Amino acid sequence: MTPTSPAALAAATDTHCPYCSLQCGMRLAPGADGPLEVLERPAFPVNRGALCGKGRTAPALLARGVRLDGPLLRDRPGAPLRSASWPEALDRVAAGLARVRAEHGPDAVGVFGGGGLTNEKAYLLGKFARVVLGTANIDYNGRFCMSSAAAAHRRAFGLDRGLPFPLADLPHTGCLILVGGNPAETMPPAVRYLRELRENGGKLIVVDPRRTRTAELADLHLQPRPGGDLALALGLLHLVIADGLLDREFIARRTTGFEAARASAMAHWPDRVERITGVPARQLHQAARMFGEARTGIVLTARGPEQQSKGTDTVGAWIDLCLATGKAGRPYSGYGCLTGQGNGQGGREHGQKADQLPGYRSIEDPAARAHVAAVWGVDPASIPGPGKSAYELLDDLGRPGGVRALLLAGSNPAVSAPNAGHVTGRLRALDLLVVADVVLSETARLADVVLPVTQWAEEDGTTTNLEGRVILRRRAVDPPDGVRSELWLLRELAARLGVPAGFPAEGFPADAERAFDELRRASAGGDADYAGISYARIVAEDGVFWPCPAEDHPGTPRLFLDRFATPDGRARFAAVTHRPAAEEPDAEYPLYLTTGRVLAQYQSGAQTRRVGALNAAAPGPYVELHPRLAERLGIADGVPVAVTSRRGRAVAPARVTDAIRPDTVFMPFHWAGAGRANTLTNPALDPVSRMPEFKLCAVRVERVEVTTT
């Protein structure tokens, strides 16, 4: 867009998109058609000016009537939400939290955060839970995003950062395998890196049960059954070994555990893998040669292989493929994860995950507890231990021994959680539900108190993108009079709850930069060390890569070039083997369901479904199914169909396409109501990451007979 005038251009604010983990750079200027106009910001290196439709329409969320502009509360259960003042709302929240703590103990109070919160908010939410509430029960929706990749990354390399290299490295690798990701729709500005890769002579392999827009760019598309990703990775490792494509010098010098991994891989020969995955053996051979013979190579995973009850092992098998071929810890080579949410990376680094303290420290490590306690001014023994993971926390809401009062910030589990009908019931069972959000989401509609909070263009704050680049969002417009920052409301609640030592009202970080400076001290010496990163440096350098332990440290764009972050500096192979999903198709539920995103919507849709242009492009849910399946079931394109699993039933129009496997149906998960895909999904958990199995479950599909009157 063009600014309304030179004066408007001069007044433009450099900031970042509020949506995905690219955190694309943009500029916001006063515009003729509304309060803000989006301008390109070509100098920012991640997106180089490119923006998708979500980013270009983001200012629509600032409009009155779209966003919340004052607190709401319920006078009694079943009563409608009504307008309230901030003192009344906060008094109600504090009294309710205090009552539940007194009657049931501190762990009966819980906190559920979001991967879109800034680092400052995530940090202080974790501090508030542990210091003010004294509860172990805090987790966040990022557990549903890339926790399996994080667990596998830490197991193999000793450190988890979504990408251990900048996105700019992708066009220079020899072969890129993209597993279960569709950036052409989920992060469109990143597609230029894939196009540049191919222009440079590199090869692109896409692994996905659907022929997506991204798969159409590939040199080779492997289309496995849902849940086949682990067997597929092991089959490729088997062929790399059999074809003599190992980098034995790298294995000997920089890894451990190869022989056990080799034994596991050799049990996954091509014919067996073809039977498990449906991928022809000839394509397996082709993929193994393309990756194994390339001088450099990268594997990227996304939610497809990760959101499984075996997600950690699946990612571990893809990492093994990188290690076996020497494609890790070297320029233009390695394993990385395409983070989903805008601050999915930073959100888990600084304390809103059940088992972690700021700086990516383990909450069970005595040294970590002592360091963070010193920053907070509390006794290390007062910091609670690990709490329940996200789904386990939600599953226990309102039960004896579970959380009875929940403070929820920046998440919409009534739509986004697996087995969402059950989770909605658990939310209703709470003694007190408090939701802090920008809009009146489906979860906020269930709340006893709704607290309207500032959003991306109304506040300063940092996020950490998928590369580990810490960036700064800048305030471009004032929020409505009735809206407050989470930083402010946490301070106010702390004061009302008696303000224990170490969380004083005076000096509490009420503004973002002061909160970030405290975060820097708390993270110092941890894996995710932000000590050398300041707001001034972020602005001057277009972001700073962690770890950055000192102000004269350059930051770390590329990890592991000299050694891995394990005690002995060596990467660890994972000796894993294929196993079935928690729920496979059977006679009653004969099909796979898989879920995902579409171009014009984002996450639970709580924000994007309020933007007219985006709704026009993607107005509602649908069920994607193959023509052979549609013919067998007597289903035509556009007719309503019912998809039923053991957990519930969803209804949406059919979309008949040969882009999907005949044994699989697909639903996007952005909508509530009858078409809510997560009504169907299976909450079976990965034993390591506690990631639910969003990406596959067993369903049946039936035509819905429409009666006319």
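The values are calculated or read from the model by the stated rules, or taken from the named source; none is laboratory data. Keep in mind that this is a model prediction, so the values were computed, not measured. Please note: Cβ atoms are built from the backbone with ideal geometry, for glycine as well, and neighbour counts cover all protein chains shown. When the accessible area is computed, the model is the full protein with side chains, heavy atoms only, and any ligands, DNA or RNA have been set aside. Shrake-Rupley method; radii C 1.70, N 1.55, O 1.52, S 1.80 Å.
One residue stands out in segment 468-482 among those that are more than 18 Å from THR15 (Cβ to Cβ) and in contact with a helix residue (DSSP H, G or I) (Cβ under 8 Å, 6 or more places away or on another chain): the one that is surrounded by the most Cβ atoms within 10 Å (Cβ to Cβ), namely GLY468. For segment 45-66, filtering for residues that are open to solvent by less than 70 Å² (accessible area, probe 1.4 Å) and within 16 Å of LEU614 (Cα to Cα) leaves 13. Only one entry of VAL403, VAL450 meets the criterion of being at pLDDT 95 or above, under 24 Å from ALA108 (Cβ atoms) and in a loop (DSSP other than H, G, I, E, B), and that entry is VAL403.
Residues in segment 278-285 include none that are in a helix (DSSP H, G or I), among the charged types (D, E, K, R) and within 30 Å of PRO166 (Cβ to Cβ). Restricting attention to segment 658-672, the residues that are surrounded by fewer than 22 Cβ atoms within 10 Å (Cβ to Cβ) and out of contact with any Gly (no Cβ under 9 Å at 6 or more places or on another chain) add up to 3. Does GLN286 satisfy being within 30 Å of PRO668 (Cβ to Cβ) and in contact (Cβ under 8 Å) with a residue 24 or more places away in the chain? Judged against the criteria, GLN286 is not a match. Somewhere in segment 182-196, is a residue modelled with pLDDT of 95 or more and not in a helix (DSSP H, G or I)? There is at least one residue in segment 182-196 that is modelled with pLDDT of 95 or more and not in a helix (DSSP H, G or I). Going through ARG646, ARG655 one at a time, which residue ends up being assigned to a loop (DSSP other than H, G, I, E, B) and either open to solvent by 50 Å² or more (accessible area, probe 1.4 Å) or under 30 Å from GLY329 (Cα atoms) (or both)? Exactly one residue qualifies, and that residue is ARG646.
Of the residues making up segment 286-297, one or more are buried (at least 24 other Cβ atoms within 10 Å of the Cβ) and assigned to a strand (DSSP E or B).
Residues checked against (1) more than 24 Å from the chain's Cα centre (by Cα); (2) assigned to a loop (DSSP other than H, G, I, E, B); (3) among the acidic types (Asp, Glu):
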{"residue": "TRP318", "(1), (2), (3)": "no, no, no"}
{"residue": "CYS322", "(1), (2), (3)": "no, no, no"}
{"residue": "GLN341", "(1), (2), (3)": "no, yes, no"}
{"residue": "ARG348", "(1), (2), (3)": "no, no, no"}
{"residue": "GLU392", "(1), (2), (3)": "no, no, yes"}
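What number of residues within segment 415-426 satisfy the criterion of being surrounded by 24 or more Cβ atoms within 10 Å (Cβ to Cβ) and either assigned to a helix (DSSP H, G or I) or in contact with a Leu (Cβ under 7 Å, 6 or more places away or on another chain) (or both)? Of the residues in that region, 4 qualify. Checking each residue in segment 123-167 for being assigned to a helix (DSSP H, G or I) and small (Gly, Ala, Ser) picks out GLY126, ALA129, GLY142, SER147, SER148, ALA149, ALA150, ALA151, ALA152, ALA156.
In segment 545-565, the qualifying residues are those that are free of Cβ contacts under 8 Å to residues at least 60 places away in the same chain and touching a Cys at 6+ places or on another chain (Cβ under 9 Å), and the one that is farthest from VAL46 (Cα to Cα) is PRO554. Taken over segment 158-192, the criterion of being more than 21 Å from the chain's Cα centre (by Cα) and closer than 24 Å to TYR602 by Cα is satisfied by ARG192 alone. The number of residues in segment 584-607 that are among the aromatic types (Phe, Trp, Tyr) and within 18 Å of GLN307 (Cβ to Cβ) comes to 2.
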